[in-house]
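Single-structure report; data block below.
The values are calculated or read from the model by the stated rules, or taken from the named source; none is laboratory data. Note that the structure is a prediction, hence the values are computed from the model and not measured. Neighbour counts run over all protein chains shown; Cβ positions are idealised from the backbone, glycine included.
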């Protein structure tokens, strides 16, 4: 909880997916003025960005920035490299949909904006339960990022503590969905599919679609996703 | 030193200034194939980018990428925000030329590229002696970054150790210049000035110019800088 004098601004990483929409609702419920940050990073699933705009508007953020960054130039992921196919079956180990250092890059931009806003709070929707085997979704990674961030910035030098909040980290997908619905989120406006159409229709077959569909089933809630 | 089987590729952050040119020469002298990474980040001193191309070519890098990132959209620094003047006198504490979270953002892109290249080595020219009071130039920051990076990536999961090399961190500017000259660097092609002209001529008055000029004087070497 915020102490007296704590800056009321939080930077929230917003992808347009189910998880980050829930995180934004959590940050707002904590009383923060939310500054949502999305990325146009060469991802295949462009419908995400439209979804992020709809979510930001529906949840009344103070400001929404979409930063353009060229992660595709480094290649190495099915999400940004057209030469690598998005798989329809779960893989062993780290999957090809992993984008190298993605959360590290995203958090670094969030850190830059937080520093300018004098915000001490960054929210990110990583999840260590129903996740896809990405190294940068683990609690030990987030803890190390927070330690680094406090040494990287004015905040660290001037003694303010910067926190990286991960309200979903220990929740199952079904628990995330129930949490978001308590906050009134309409998940129909979110897009999780790695291969969504430009209109935001989901393939229903990729890892992300299957995790999401199972989440609604486990939560006992009708799935509002529009499938192809 | 590299162990047998160690990947020979290193990612080197290259600004076009004196320090990073020296770092590139160090990485090359260690036997690495160098992948130089520069940023077009809305900096005022655009001559830097031309200098980075000349340095990359002169030191025979394997590949040179210039990533465009919009740090200016967050404001907060004299180097990217035209509303903040570049000062001509040294300031107390963290100066206005500090770009929020800049090294964290730069290292994160280097980490993404290193991961794709399966490189275990990133080089950055931070310096904790003749530096300008930036929090992200301190050894404790670099150590925390390295710890985080090893948790963020496949390398960490698969047991390869990723190192962030800072060969200049404990050197004075004069020592850096002597080191670079032993490696044959022509510092005339580097640009350090925060307000350089498009042709790379230096103002001679900003913090960066004064540190650089004093370095050449202390090293007992003629200053090859072209001033306005």
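Give B:78, B:112, B:83 a once-over and let me know the one that is away from every other protein chain (no Cβ under 12 Å), buried (at least 20 other Cβ atoms within 10 Å of the Cβ) and either modelled with pLDDT of 85 or more or out of contact with any helix residue (DSSP H, G or I) (no Cβ under 8 Å at 6 or more places or on another chain) (or both). Reasoning before the result, please.
On the way: B:112 fails: away from every other protein chain (no Cβ under 12 Å); B:83 fails: buried (at least 20 other Cβ atoms within 10 Å of the Cβ).
The unique qualifying residue is B:78.
So how many residues does region B:181-204 have that are farther than 17 Å from residue B:48 by Cβ and in contact (Cβ under 8 Å) with a residue 60 or more places away in the chain? Even if it seems obvious, please write down each step before you answer.
Residues of region B:181-204 that are farther than 17 Å from residue B:48 by Cβ, as a first pass: B:181-184.
Filter once more, keeping what is in contact (Cβ under 8 Å) with a residue 60 or more places away in the chain: B:183-184.
Final tally of qualifying residues: 2.
Would you point out the residue of region A:158-174, among those that are in a helix (DSSP H, G or I) and crowded, with 17+ Cβ neighbours inside 10 Å, that is modelled with the lowest pLDDT?
Of all residues in region A:158-174, those in a helix (DSSP H, G or I) come to A:158, A:173-174.
Filter again for crowded, with 17+ Cβ neighbours inside 10 Å, leaving A:173-174.
Working: A:173: 93, A:174: 96.
Looking at the filtered set, the residue picked out is A:173.
Based on what the data block shows, is residue B:197 at negative phi, at pLDDT below 95, assigned to a helix (DSSP H, G or I) and away from chain A (no Cβ under 12 Å)?
Numbers: at negative phi: yes; at pLDDT below 95: yes; assigned to a helix (DSSP H, G or I): no; away from chain A (no Cβ under 12 Å): yes.
When the stated conditions are applied, residue B:197 does not pass them.
Going by the structure shown, is residue B:14 modelled with pLDDT of 95 or more and closer than 20 Å to residue B:212 by Cβ? Don't jump to the end; show me each part of the working.
Numbers: modelled with pLDDT of 95 or more: yes; closer than 20 Å to residue B:212 by Cβ: yes.
So residue B:14 passes the test.
How many residues does region A:37-72 contain that are in a helix (DSSP H, G or I) and either out of contact with any strand residue (DSSP E or B) (no Cβ under 6 Å at 6 or more places or on another chain) or over 23 Å from residue A:8 (Cβ atoms) (or both)?
Step one: of region A:37-72, the residues in a helix (DSSP H, G or I) are A:47-58, A:72.
When the remaining residues are screened for being either out of contact with any strand residue (DSSP E or B) (no Cβ under 6 Å at 6 or more places or on another chain) or over 23 Å from residue A:8 (Cβ atoms) (or both), the result is A:47-51, A:53-55, A:57-58, A:72.
Result for region A:37-72: 11.
Restricting attention to region B:132-142, which residues are free of Cβ contacts under 8 Å to residues at least 60 places away in the same chain and either within 13 Å of residue B:103 (Cβ to Cβ) or at the interface with chain A (Cβ under 7 Å from one of its Cβ atoms) (or both)?
At the first step, the residues of region B:132-142 found to be free of Cβ contacts under 8 Å to residues at least 60 places away in the same chain are B:133-142.
Result: B:134, B:135, B:136, B:137, B:138, B:139, B:140, B:141, B:142.
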